[in-house]
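Participant: One structure follows; several queries about it will come next.
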Amino acid sequence: MEEKEVRRSFVTLIKNLEKTIADISEYSADLYKKEKYEEARLARGKIREIKKVKDEIEKQQERWEQIWSPGSSDATLQPVRKGKKKKALPRGLQTPEKEFKLPILQAVEELGGSAAVNEVLKKEFEKMKSRLNNYDLQPIPSHPDRFRWENTSMWCRQRLVDEGLLASQSSRGIWAITEKGRTLLEKERMKKNAPTLFDPEGD
């Protein structure tokens, strides 16, 4: 097989793997919408494994390119310039991080005040699924086993820790609400249940 044919084979294989990852990601997102969380988790596990295979093949592809680079030898191989990084999603397309604040706190409180991150995300998703859009349910290009909304939740969780609403010293992988967080939720409940003082008749 000639050098160019091998190069084409690498490209074809990598494209097929990328398509497989995209297909499983879409399937996983659909399972999430249907609240089939365990099946979605297994599907995303497959994505992680396929991505490892893809990464290894890309390393071999780079090695192949180095071998055929002008002036290269087994002793001195030149690095290959990598392709351009994928552009980040434009601002405004995803659901804003602030929208995740109360659902995360509510989820943790309903789970007893502390829970494993996966349990919190599952409960949070139940609360937010009507607000999440197609962009939120897309996988992150650099981490195809993670949805964008999950990544936003992680950033929001850090903000909640900084604000003292979630505990910073909880066990690894555990999210825990603080008294300050509970107080905020109680205020929100009171605000929601407060009777309106507006009288349309003007009496």
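Participant: Quick check on this structure: which one of Phe100, Phe147 is buried (at least 20 other Cβ atoms within 10 Å of the Cβ) and within 13 Å of the chain's Cα centre (by Cα)? Working first, answer last.
Facilitator: On the way: Phe100 fails: within 13 Å of the chain's Cα centre (by Cα).
Result of the check over Phe100, Phe147: Phe147.
Participant: If you take the residues in region 42-63 that are among the hydrophobic types (A, V, I, L, M, F, W, C) and surrounded by fewer than 16 Cβ atoms within 10 Å (Cβ to Cβ), which one is farthest from the chain's Cα centre (by Cα)?
Facilitator: Of all residues in region 42-63, those among the hydrophobic types (A, V, I, L, M, F, W, C) come to 42-43, 47, 50, 53, 57.
Imposing the further condition that a residue be surrounded by fewer than 16 Cβ atoms within 10 Å (Cβ to Cβ) reduces the set to 42, 53, 57.
Numbers: Leu42: 15, Val53: 20, Ile57: 24 Å.
Going through the qualifying residues, I end up with Ile57.
Participant: Taking Leu105 as the residue in question, decide whether it is within 23 Å of Asp23 (Cβ to Cβ), touching a helix residue (DSSP H, G or I) at 6+ places or on another chain (Cβ under 7 Å) and touching a residue at least 24 places away in the same chain (Cβ under 8 Å).
Facilitator: Numbers: within 23 Å of Asp23 (Cβ to Cβ): no; touching a helix residue (DSSP H, G or I) at 6+ places or on another chain (Cβ under 7 Å): yes; touching a residue at least 24 places away in the same chain (Cβ under 8 Å): yes.
It is false that Leu105 is within 23 Å of Asp23 (Cβ to Cβ), touching a helix residue (DSSP H, G or I) at 6+ places or on another chain (Cβ under 7 Å) and touching a residue at least 24 places away in the same chain (Cβ under 8 Å).
Participant: Name the residue, out of Lys98, Lys123, Lys180, that is within 24 Å of Asp30 (Cα to Cα) and of a type in the set (Lys, Arg).
Facilitator: Details: Lys98 fails: within 24 Å of Asp30 (Cα to Cα); Lys180 fails: within 24 Å of Asp30 (Cα to Cα).
Residue meeting the stated conditions: Lys123.
Participant: Scan region 78-95 and give yes if some residue there is under 30 Å from Thr183 (Cβ atoms) and either modelled with pLDDT of 85 or more or in contact with a Gly (Cβ under 7 Å, 6 or more places away or on another chain) (or both), otherwise no.
Facilitator: Step one: list which residues in region 78-95 are under 30 Å from Thr183 (Cβ atoms), which gives 94-95.
Next cut, either modelled with pLDDT of 85 or more or in contact with a Gly (Cβ under 7 Å, 6 or more places away or on another chain) (or both) only: 94-95.
Yes: region 78-95 contains one or more residues that are under 30 Å from Thr183 (Cβ atoms) and either modelled with pLDDT of 85 or more or in contact with a Gly (Cβ under 7 Å, 6 or more places away or on another chain) (or both).
Participant: Name the residues in region 162-184 that are surrounded by fewer than 17 Cβ atoms within 10 Å (Cβ to Cβ) and either farther than 13 Å from Ser114 by Cα or in contact (Cβ under 8 Å) with a residue 12 or more places away in the chain (or both), would you? Explain how you work it out, then say what you get.
Facilitator: Within region 162-184, the first condition is being surrounded by fewer than 17 Cβ atoms within 10 Å (Cβ to Cβ), and the residues that meet it are 162-164, 168-174, 179-180, 182-183.
Scanning region 162-184 gives Asp162, Glu163, Gly164, Ser170, Gly173, Ile174, Lys180, Arg182, Thr183.
Participant: While we're here: Quick one: which of Gln138, Gln106 is under 27 Å from Tyr27 (Cβ atoms) and buried (at least 16 other Cβ atoms within 10 Å of the Cβ)? Explain how you work it out, then say what you get.
Facilitator: Working: Gln106 fails: under 27 Å from Tyr27 (Cβ atoms).
Result: Gln138 is the single residue among Gln138, Gln106 that is under 27 Å from Tyr27 (Cβ atoms) and buried (at least 16 other Cβ atoms within 10 Å of the Cβ).
The values are calculated or read from the model by the stated rules, or taken from the named source; none is laboratory data. What you see is a predicted model; the values in this text were computed from it and never measured. For neighbour counting, all protein chains shown are included, and Cβ atoms are generated from backbone atoms with ideal geometry for every residue, glycine included.
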